[in-house]
Amino acid sequence: MLKWKAGSIALFQSDLYETNSLVVETSDYVLVADPCWLPREVEEIRQYVEGIRAERKLLLLFTHSDFDHIISYGAFPEAEVIASRAFADKSMAEQESILEQIREFDDSYYLRRPYVITYPVVDHVMEADGQIMIFGDIRLTGYSSRGHNNDGMFTLIEPLGLFIAGDYLSDVEFPYIEDSIISYEETLHKVEPIIARHPITLMVPGHGETTGSLNELRRRRDAGLNYIMNMRVAVASGVQGNIDQLIAGCAFPRNMTKFHQSNQLLFQNEQTP
């Protein structure tokens, strides 16, 4: 599961959905972003963290509240949690719905976890775009990233030049839009100003390959915007073949077609007076 380690940064990638988890070491802290999925994968991350941690404090960063990204919260009970205001303000009913998805997933595959499944309690809340949090010798800057869901957060970690993108800017997924088409576009339009403000050496998406190339980062941003633009045109045409063609050649069509069809319903509703 450990995909690579470079200096103070280690990337773990799950066998499920190419989901990425990041571990960053600093002089005073160890930061873990979205540790997941399967129990043995979570345990590998946890053991790695314990092996390097020593006396340093532990931080958990959650990019958003989708169940696959918070599934291992209980494995790190001593950690302080960083997330967006919308993440922290989920109602009890919303939290329970997310936790039930975890239970359903685990039941479906007879998975047992050696920790209690609970919704993360947020210790450090990102309130607004550009907010800065200092942890020892690293500086975290957060930006709201709504669209995929309603509580996403881009995080820039400096001076390391890390851009943690959550479920955006993937090389394997087209936009999966669960919250708002317009918000998704607004999030993608934030990428260029972020690049202008922050020197970026590595962008880590929630799923797929990382990249250190700004050209590749922009290509992924443009691919997402083009998908949205072309979907609007295709839905307006009313021709199903035009809509289906938008994901021709996608990596995992038997699964991804379902997400594309879900997007289609959103776009149809957007165009309904």
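What the table shows:
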{"item": "Residue tally, condition open to solvent by less than 20 Å² (accessible area, probe 1.4 Å) and either among the acidic types (Asp, Glu) or in contact (Cβ under 8 Å) with a residue 60 or more places away in the chain (or both), over the stretch 10-36", "result": "9"}
{"item": "Long-range neighbours under 7 Å by Cβ, at least six apart or interchain, first residue without any contact (Cβ under 8 Å) to a residue 60 or more places away in the chain and of a type in the set (Lys, Arg) within the stretch 63-74, second buried (at least 24 other Cβ atoms within 10 Å of the Cβ) and in a loop (DSSP other than H, G, I, E, B)", "result": "none"}
{"item": "Some residue of the stretch 227-242 being over 25 Å from Ser21 (Cα atoms), at pLDDT 95 or above, of a type in the set (D, E, K, R) and open to solvent by 20 Å² or more (accessible area, probe 1.4 Å)", "result": "yes"}
{"item": "Count of the stretch 172-181 residues which are in contact with a helix residue (DSSP H, G or I) (Cβ under 7 Å, 6 or more places away or on another chain) and either buried (at least 22 other Cβ atoms within 10 Å of the Cβ) or not in a loop (DSSP other than H, G, I, E, B) (or both)", "result": "3"}
{"item": "Pair list, Cβ under 7 Å, 6 or more apart: the stretch 223-239 residue closer than 19 Å to Val172 by Cβ, other residue surrounded by 12 or more Cβ atoms within 10 Å (Cβ to Cβ) and of a type in the set (Asp, Glu)", "result": "Leu225/Glu185; Ile228/Glu185"}
{"item": "The stretch 230-273, residues that are outside any helix (DSSP H, G or I) and either within 24 Å of the chain's Cα centre (by Cα) or among the acidic types (Asp, Glu) (or both)", "result": "Leu246, Ile247, Gly249, Cys250, Ala251, Phe252"}
{"item": "Residue match in the stretch 42-61 (condition: closer than 20 Å to Leu169 by Cβ and touching a residue at least 24 places away in the same chain (Cβ under 8 Å))", "result": "yes"}
{"item": "Residue in the stretch 196-214 that is part of a loop (DSSP other than H, G, I, E, B), of a type in the set (Val, Ile, Thr) and touching a Gly at 6+ places or on another chain (Cβ under 9 Å) present", "result": "yes"}
{"item": "Conditions (1) within 26 Å of Ile82 (Cβ to Cβ); (2) surrounded by fewer than 20 Cβ atoms within 10 Å (Cβ to Cβ); number of the one not met by Leu266", "result": "(1)"}
{"item": "Residues located in the stretch 81-96, provided they are under 19 Å from the mean Cα position of the chain (by Cα) and open to solvent by 60 Å² or more (accessible area, probe 1.4 Å)", "result": "Arg85, Asp89, Glu94"}
{"item": "Which listed residue, of Tyr143, Tyr184, is in a helix (DSSP H, G or I), at pLDDT 95 or above and either buried (at least 20 other Cβ atoms within 10 Å of the Cβ) or among the charged types (D, E, K, R) (or both)", "result": "Tyr184"}
{"item": "Unique residue being within 17 Å of the chain's Cα centre (by Cα), assigned to a loop (DSSP other than H, G, I, E, B), within 30 Å of Ser27 (Cβ to Cβ) and not charged (D, E, K, R) when the list is Leu217, Leu169", "result": "Leu169"}
{"item": "Checking Asp129 against (1) open to solvent by less than 70 Å² (accessible area, probe 1.4 Å); (2) more than 16 Å from Ala33 (Cα to Cα); (3) out of contact with any Lys or Arg (no Cβ under 7 Å at 6 or more places or on another chain), the condition it does not meet", "result": "(1)"}
{"item": "Restricting the stretch 38-80 to residues that are touching a strand residue (DSSP E or B) at 6+ places or on another chain (Cβ under 7 Å) and β-branched (Val, Ile, Thr), the residue that is surrounded by the fewest Cβ atoms within 10 Å (Cβ to Cβ)", "result": "Ile52"}
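The values are calculated or read from the model by the stated rules, or taken from the named source; none is laboratory data. Note that the structure is a prediction, hence the values are computed from the model and not measured. With ideal geometry, Cβ positions are generated from the backbone for all residues, glycine too; neighbour counts draw on all protein chains shown. To get the accessible areas, we keep the full protein, side chains included, count just its heavy atoms, and leave off ligands, DNA and RNA. Shrake-Rupley method; radii C 1.70, N 1.55, O 1.52, S 1.80 Å.
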